[in-house]
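Visitor: Mind looking over this structure? Questions follow.
The values are calculated or read from the model by the stated rules, or taken from the named source; none is laboratory data. Here the structure is a predicted model, which is why all the values come from computation and not from measurement. In this analysis, Cβ positions are derived from the backbone assuming ideal geometry, glycine residues included, and neighbour counts consider all displayed protein chains.
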């Protein structure tokens, strides 16, 4: 997967917004490794207040617990970068917002922090609609910190479109 540029991210955010508006859905983002970049991308779209509820940038363990309801045991056993954590993040985002659909991301953007089991570029993304079941996917992105984060934003937005039937 190539690293998307600003124009490509803008186009994805526009398309996602159109899809959310058509589906009468409101979005919440729960972001760790992207630090709010998904929320920035979608709120760069004029009229996003019609379909964007809020964004939660929860980087630390403490923030994931306080803002998203991630259980301490989940973080202790599985770590922040895991399927279990991202599923709790996406579910918690819906509980703590007025949104109807959520996306959550957690990963290792680098340059440090990677391990043999979870190298730099390891990212978990989850999507969930209110009342539905979460879908989580593991990605192994290549590149530097900026590239990993850009690819994460793009994958999160593409996944939202899929969740909405696109």
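Visitor: Does the range 1-9 contain at least one residue that is crowded, with 18+ Cβ neighbours inside 10 Å, modelled with pLDDT of 95 or more, in contact with a helix residue (DSSP H, G or I) (Cβ under 6 Å, 6 or more places away or on another chain) and assigned to a helix (DSSP H, G or I)?
Guide: Yes, that holds for at least one residue.
Visitor: Search the range 132-154 for residues that are on the phi > 0 side of the Ramachandran plot and buried (at least 17 other Cβ atoms within 10 Å of the Cβ) and pair each with any residue that is part of a loop (DSSP other than H, G, I, E, B) and at pLDDT 95 or above when their beta-carbon atoms are under 9 Å apart and the residues are at least 6 apart or on different chains.
Guide: 143/110; 143/121
Visitor: If you take the residues of the range 65-91 that are in contact with a strand residue (DSSP E or B) (Cβ under 7 Å, 6 or more places away or on another chain) and farther than 22 Å from residue 121 by Cβ, which of them is surrounded by the most Cβ atoms within 10 Å (Cβ to Cβ)?
Guide: Among them, the one singled out is 68.
Visitor: Let me ask another. Yes or no: residue 16 surrounded by 21 or more Cβ atoms within 10 Å (Cβ to Cβ) and in a helix (DSSP H, G or I)?
Guide: Judged against the criteria, residue 16 is a match.
Visitor: Looking at the range 4-15, I want the residues that are closer than 16 Å to residue 39 by Cα and have a partner that is assigned to a loop (DSSP other than H, G, I, E, B) and at pLDDT 95 or above with Cβ atoms under 6 Å, at least 6 apart or on another chain. Which pairs are those?
Guide: Note: pairs meeting the criteria are 13/45; 14/45.
Visitor: Restricting the first residue to the range 47-75 and requiring it to be touching a residue at least 40 places away in the same chain (Cβ under 8 Å), which pairs with a second residue that is exposed (fewer than 15 other Cβ atoms within 10 Å of the Cβ) and in a helix (DSSP H, G or I) meet a Cβ separation below 9 Å and a spacing of at least six or different chains?
Guide: From the range 47-75, the pairs are 56/63.
Visitor: Just one of (1) under 12 Å from the mean Cα position of the chain (by Cα); (2) surrounded by fewer than 23 Cβ atoms within 10 Å (Cβ to Cβ) trips up residue 34, so point out which.
Guide: (2)
Visitor: Take the range 152-166 and flag every residue that is over 15 Å from residue 5 (Cβ atoms), part of a helix (DSSP H, G or I) and touching a helix residue (DSSP H, G or I) at 6+ places or on another chain (Cβ under 8 Å).
Guide: Once the filter is applied, which keeps residues that are over 15 Å from residue 5 (Cβ atoms), part of a helix (DSSP H, G or I) and touching a helix residue (DSSP H, G or I) at 6+ places or on another chain (Cβ under 8 Å), the range 152-166 yields 156, 158, 160, 161.
Visitor: Just one of the numbered conditions (1) in a helix (DSSP H, G or I); (2) in contact with a helix residue (DSSP H, G or I) (Cβ under 9 Å, 6 or more places away or on another chain); (3) closer than 16 Å to residue 127 by Cα is not true of residue 39; which one?
Guide: Every condition holds for residue 39 apart from (2).
Visitor: Tell me whether the range 77-91 contains one or more residues that are more than 26 Å from residue 164 (Cβ to Cβ), assigned to a helix (DSSP H, G or I) and free of Cβ contacts under 8 Å to residues at least 12 places away in the same chain.
Guide: Yes, there is a match, as at least one residue in the range 77-91 is more than 26 Å from residue 164 (Cβ to Cβ), assigned to a helix (DSSP H, G or I) and free of Cβ contacts under 8 Å to residues at least 12 places away in the same chain.
Visitor: Please find, within the range 109-135, the residue that is nearest to residue 71 (Cα to Cα) out of those that are in contact with a helix residue (DSSP H, G or I) (Cβ under 8 Å, 6 or more places away or on another chain) and assigned to a loop (DSSP other than H, G, I, E, B).
Guide: Ranking the qualifying residues of the range 109-135, first place goes to 134.
Visitor: Now a separate question. Take residue 55 and tell me if it is at pLDDT 95 or above, at positive phi and in contact with a helix residue (DSSP H, G or I) (Cβ under 6 Å, 6 or more places away or on another chain).
Guide: When the stated conditions are applied, residue 55 does not pass them.
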